[in-house]
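The values are calculated or read from the model by the stated rules, or taken from the named source; none is laboratory data. Predicted model, so just to flag it, every value in this text is computed and none were measured. Here the Cβ positions follow ideal geometry from the backbone for every residue, glycine too, while neighbour counts run over all protein chains shown.
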Amino acid sequence: MKGPRGDVLMYGGEATLGNRWMGPPKLHPQTEFDIELEGVSLMDNLALAAIAAAVPVLFVGGWMTRRWIDKAKIGSAEDIAQRIRDDAEKESATLKKSIELEAKDKWLSEKQKLDADTEERRADILKLEGLLADRETKLDRKVDIISTKEQAIGERERDLGQQERGLEQETERLRLLIDEQNVRLERIAGMTAEEAKTALLANVEEQARHEGSRMAKQIKERAQEGAQKEAREIIGMAIQRYASEHTAETTVSVVQLPNEEMKGRVIGREGRNIRAFEIATGIDVIVDDTPEAVILSGFDRVRREVARIALQRLVEDGRIHPLRIEEAVEKAREELEEDMKRAGEEASFEVGILDLHPEIIKMLGRLRFRTSYGQNVLQHSKEVAILAGLMAQQMGIDVKLACRSGLLHDVGKAIDRESDGTHTELGVELAQRYGEPPQVINAIASHHEDHEATSFYAVLADAADAISSSRPGARRETVDGYVKRLERLEELAQSFNGVDKTYAVQAGREVRVIVDCRTVGDPDAELLATDIAEKIEADMEYPGQIKVVVIRESRAVGIAK
């Protein structure tokens, strides 16, 4: 037996070349001898050879059998495939007919729908054609009517043209006649047409002036009768529904002491305590013979109130020295700031205005320590707000806005002593800074007639301000100021031409003007009263209002001897 590369291998007596079968082995004597030596019989080798020879036969037979079976299977598969093809062709033919029928039905259905739509559109088109025909007929009739009217208008224009030419001729003829008459009149009157026109216009102007004054007087009287009646009802109703206490303020505050010994402590050694107190507060401290009392004097009520609170605290504590005075004054200022803020909140709550800016509330609280002619400005502002609200309620307008306008109309007085400008200008600036409504700003600006009132709320605030200021006991002024105001009032009235005498009466709330009857006529008296009132408004400051009465009378005197 040899190696794998073409060597002869021996397996059970068969010879192979590699894996290829080489047929039965050829034996030679040496091989047989070797076999015999090994004890292997020849019969056994023959049997093995027969088996080896039978293997190819069996292999070929199996292969042929396998091929016949495969051919049989292939034939059966071709039959099956042919049957499948036949069935598929039949089914496709059937499906094709079904699809063709379905497509035909769908086409017929779509054709019917299209025919129906076509008929419907044809009917619509016929209907529109009918409507267009009717409209065309109507348009033809209108065209005929318009043509007839145009013809009539043309004929009328021709007639009017003829009439216009006739009028022009007649106008020219009348002009010539008027010119001829004017020449004759000038010859007769001895003056030219321009001179006559000037004289006539002067007469007409004088007559119109007198007639206008008379009519203005009548209109004014009628308007005043109705307006005064309604205003009296509204104001009377508001005043009846509200009444506030009269306030009288002074320029001094009194601090009570527990005993006379406390005066010495207030003064201090060599007066150091009282000097330190006056420097810290800016208020004069008067220690006189008043038993168990010290007087604080000053025109600034805020500083005077700080001094009063601080001195009361020092007296209660008993320890009075410069350092303690400074601490007490500073603490009194902080406490007063809180009191002013609380006073502003109470005032706004009292009149029903709850959405004011905190800075405006603080300014309102400062009005508690400001007076005008002896009247407390915060109390006056609350009174104006309530009166304006009551009048607004009677008139049927916004009550809250009227109250807001009245409450803030004098808010500028809280800072006018610290800043440049009038209290109206400062109040307007403050209201604009913190977003107050335009009606409130206008009420602040116009309540002294510095600006024109543009809303009912400004007028109501002005009226309520006048009511609150002029009611009995609300305000007071010094005798010197009172006398000077009356003298100034009479001087202003006396400065007009035709005025003979003037008298200020009713504490300066009325001025009576007596005029020369030869210089001032009845119509001129009305104009003179208006002019004097405007002059007083422009040149004077006064509380409330001033009534101007012009008196004209003529006297005839006869003497019997």
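Give me a count of the residues in the range 507-561 that are within 30 Å of THR371 (Cα to Cα), of a type in the set (Gly, Ala, Ser) and modelled with pLDDT of 75 or more.
Of the residues in the range 507-561, 3 are within 30 Å of THR371 (Cα to Cα), of a type in the set (Gly, Ala, Ser) and modelled with pLDDT of 75 or more.
Evaluate the following for GLN394: is it without any contact (Cβ under 8 Å) to a residue 24 or more places away in the chain, surrounded by fewer than 24 Cβ atoms within 10 Å (Cβ to Cβ) and either part of a helix (DSSP H, G or I) or assigned by TED's automatic domain parsing to the domain that holds ASP355 (or both)?
Against the criterion (without any contact (Cβ under 8 Å) to a residue 24 or more places away in the chain, surrounded by fewer than 24 Cβ atoms within 10 Å (Cβ to Cβ) and either part of a helix (DSSP H, G or I) or assigned by TED's automatic domain parsing to the domain that holds ASP355 (or both)), GLN394 does not qualify.
Which one of GLU327, GLU305, GLU383, GLU334 is over 21 Å from ILE274 (Cα atoms) and outside the structural domain of ALA466 (by TED's automatic domain parsing)?
Residue meeting the stated conditions: GLU334.
In contact with a His (Cβ under 9 Å, 6 or more places away or on another chain) and part of a helix (DSSP H, G or I): does that describe ALA388?
yes
If you take the residues of the range 406-438 that are in a loop (DSSP other than H, G, I, E, B) and of a type in the set (Ser, Thr, Tyr), which of them is modelled with the highest pLDDT?
TYR434
How many residues does the range 483-502 hold that are outside any loop (DSSP other than H, G, I, E, B), under 28 Å from ALA556 (Cβ atoms) and touching a helix residue (DSSP H, G or I) at 6+ places or on another chain (Cβ under 7 Å)?
Of the residues in the range 483-502, 3 are outside any loop (DSSP other than H, G, I, E, B), under 28 Å from ALA556 (Cβ atoms) and touching a helix residue (DSSP H, G or I) at 6+ places or on another chain (Cβ under 7 Å).
Count, please, the residues in the range 511-533 that happen to be farther than 25 Å from LEU486 by Cβ and out of contact with any helix residue (DSSP H, G or I) (no Cβ under 9 Å at 6 or more places or on another chain).
Total meeting the criteria: 3.
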